[in-house]
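Asker: One structure, as structure tokens, below. Some questions next.
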Amino acid sequence: MALWFSETASSGHRLEWKVRRVLYTGRSRFQDIAVLETEAFGPTLVLDGILQTTAGDEFIYHEMMALVPLSAHPAPERVLIIGGGDGGLAREVLRCPWVQRVTLVEIDPEVVEVSKRYLPGHAVSFADPRLEVLFRDGAQFVEQLDPQDRYDVILVDSTDPEGEGPGRLLYAPPFRRAVARALAEGGIFVQQTGTPFYNPETVRDVAEDSLAVFPLAKVYWCIVPTYPGGLFTFIAASKGPDPAVPRRTVDWPTRWYNATVHRASFALPPLLAELLPPAMRAGAAGL
Ligand code: SAM
């Protein structure tokens, strides 16, 4: 009898993955943690019953979350990652030779430990001397940052705001204002805003509030096969450069990102554009 992992996307839609082996299950102070060896996507991290990342398709999400802001920014030397405890996003950020320091603020040390044991492809980043890992609540960390401490790029790779997990603090307006203060002049902020098919309110609310805080904010998207509905969005808010325009050349091997995909990812289908404030829709048309 085969074992299947099932995630509920909505009352009428479930996603299921065939499981070869359960590699780990446990509960930290913050969440249920499981790592499953799935037949189709390999080792898969699940937090509180929600699929987070798989060895099979994580490169899409991590390349797009890292390389869009890092190629749009003229000189991104200091990067802050909130969440991202699996290490995959930090790996893509650290492939950029112009990045000098990465601070990763992850609330749950267990996620990092589990990732080091079962997701070696993600966790390779933890060996990089440019990376500093802090086990803190990201909302608190940003709120309490020293005014001298500024970052060129801030990336929020957290669990979703739905439910009772610690991720919801990172979608509240006060956090976005604290991020704006922590962002250096010309800085770029990117946050995952989920799938518009099941949680349209997330991308809508974050987009509206980002426009109230930053001089420029745009939505871009990619396809992640293991996320509900496949279509996955990000908000890119900027204190200067247009995040839709690649300025730096990514000349190392990638499997999803390139400059053409970068530009195309800001072209929004009407279904997505209609969720956004009018000021964002206009910008979405141009490639
Ligand atoms: N790529 C995944 C996605 O888009 O759903 C996210 C992966 S990563 C595992 C999410 C991480 O965010 C988790 O390790 C979780 O512990 C962390 N996290 C959630 N809320 C946080 C907070 N307030 N501060 C710091 N880390 C947080």
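The values are calculated or read from the model by the stated rules, or taken from the named source; none is laboratory data. It should be emphasised that the depicted structure is a prediction, and the values quoted were computed from it without experimental measurement. We place every Cβ from the backbone using ideal geometry, glycine too, and count neighbours over all the protein chains shown. Remember, those area values only see protein heavy atoms, side chains included, never the ligands or the DNA or RNA. Shrake-Rupley method; radii C 1.70, N 1.55, O 1.52, S 1.80 Å.
Asker: What pairs come up if the first residue lies in region 12-41 and is without any contact (Cβ under 8 Å) to a residue 12 or more places away in the chain, the second is small (G, A, S) and open to solvent by 30 Å² or more (accessible area, probe 1.4 Å), and their beta carbons are under 9 Å apart, counting only those six or more places apart or on different chains?
Answerer: Listed by first residue and then by second, the contacts come to R14/S6.
For every residue, the table says whether it meets (1) modelled with pLDDT of 95 or more; (2) over 23 Å from F232 (Cβ atoms); (3) outside any strand (DSSP E or B); (4) in the same structural domain as F232 (by TED's automatic domain parsing).
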| position | (1), (2), (3), (4) |
| --- | --- |
| H122 | yes, no, yes, yes |
| A139 | yes, no, yes, yes |
| P147 | no, yes, yes, yes |
| D152 | yes, yes, no, yes |
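Asker: Here's another thing I want to ask about it. Restricting to region 87-113, name every residue that is in contact (Cβ under 8 Å) with a residue 12 or more places away in the chain and either open to solvent by 10 Å² or more (accessible area, probe 1.4 Å) or out of contact with any helix residue (DSSP H, G or I) (no Cβ under 9 Å at 6 or more places or on another chain) (or both).
Answerer: Those that are in contact (Cβ under 8 Å) with a residue 12 or more places away in the chain and either open to solvent by 10 Å² or more (accessible area, probe 1.4 Å) or out of contact with any helix residue (DSSP H, G or I) (no Cβ under 9 Å at 6 or more places or on another chain) (or both): R91, L94, R95, W98, Q100, R101, E106, I107, P109, E110, V111.
Asker: Going through region 173-186 one residue at a time, which ones are more than 13 Å from S210 (Cβ to Cβ) and not basic (K, R)? Before the answer, list the steps.
Answerer: Within region 173-186, the first condition is being more than 13 Å from S210 (Cβ to Cβ), and the residues that meet it are 174, 178, 181-182, 184-186.
Within region 173-186, P174, A178, A182, A184, E185, G186 qualify.
Asker: Collect the residues in region 28-45 that are among the hydrophobic types (A, V, I, L, M, F, W, C) and open to solvent by 10 Å² or more (accessible area, probe 1.4 Å), keeping them in residue-number order.
Answerer: Start the filter on region 28-45 by keeping residues that are among the hydrophobic types (A, V, I, L, M, F, W, C), which leaves 30, 33-36, 40-41, 45.
If the condition is that a residue be among the hydrophobic types (A, V, I, L, M, F, W, C) and open to solvent by 10 Å² or more (accessible area, probe 1.4 Å), then F30, A34, L36, A40, F41 are the ones that fit.
Asker: Same structure again: Can H73 be described as assigned by TED's automatic domain parsing to the domain that holds W252, open to solvent by less than 20 Å² (accessible area, probe 1.4 Å) and more than 12 Å from the ligand (Cβ to nearest atom)? So that I can check it myself, show each step before the final result.
Answerer: On the way: assigned by TED's automatic domain parsing to the domain that holds W252: yes; open to solvent by less than 20 Å² (accessible area, probe 1.4 Å): yes; more than 12 Å from the ligand (Cβ to nearest atom): yes.
Answer is yes for this residue.
Asker: Sticking with this structure for a sec: Mind listing whichever residues of region 1-27 are over 18 Å from E37 (Cα atoms) and either at pLDDT 95 or above or open to solvent by 100 Å² or more (accessible area, probe 1.4 Å) (or both)? Give the derivation first.
Answerer: Taking region 1-27 first, the residues over 18 Å from E37 (Cα atoms) are 8-14, 27.
Residues satisfying the conditions are S11, R14, R27.
Asker: Moving on. Give me the residue from region 77-86 that is crowded, with 24+ Cβ neighbours inside 10 Å and more than 10 Å from the ligand (Cβ to nearest atom) and, out of that set, farthest from R248 (Cα to Cα). Please lay out each step first, then the result.
Answerer: At the first step, the residues of region 77-86 found to be crowded, with 24+ Cβ neighbours inside 10 Å are 79-86.
From what's left, more than 10 Å from the ligand (Cβ to nearest atom): 79-80.
Working: V79: 16, L80: 19 Å.
Top of the filtered list is L80.
Asker: Looking at (1) outside the structural domain of T195 (by TED's automatic domain parsing); (2) modelled with pLDDT of 95 or more, which is the one condition that is false for A285?
Answerer: (2)
Asker: Kindly evaluate Q148 against the criterion of being near the ligand (Cβ under 9 Å from one of its atoms), of a type outside the set (A, V, I, L, M) and open to solvent by 50 Å² or more (accessible area, probe 1.4 Å).
Answerer: No; evaluated as a whole, the condition is false for this residue.
Asker: Go through region 193-217 and report how many residues are at pLDDT 95 or above, surrounded by 23 or more Cβ atoms within 10 Å (Cβ to Cβ) and assigned to a strand (DSSP E or B).
Answerer: Qualifying residue count, region 193-217: 2.
Asker: When you check A127 against the structure, is it more than 9 Å from the ligand (Cβ to nearest atom) and open to solvent by less than 20 Å² (accessible area, probe 1.4 Å), yes or no?
Answerer: Details: more than 9 Å from the ligand (Cβ to nearest atom): yes; open to solvent by less than 20 Å² (accessible area, probe 1.4 Å): no.
No.
Asker: A further question on this structure: Would you call R168 open to solvent by 50 Å² or more (accessible area, probe 1.4 Å), at pLDDT below 95, touching an Asp or Glu at 6+ places or on another chain (Cβ under 9 Å) and within 28 Å of G49 (Cβ to Cβ)? First the steps, then the outcome.
Answerer: Numbers: open to solvent by 50 Å² or more (accessible area, probe 1.4 Å): yes; at pLDDT below 95: yes; touching an Asp or Glu at 6+ places or on another chain (Cβ under 9 Å): yes; within 28 Å of G49 (Cβ to Cβ): yes.
The answer is yes for R168.
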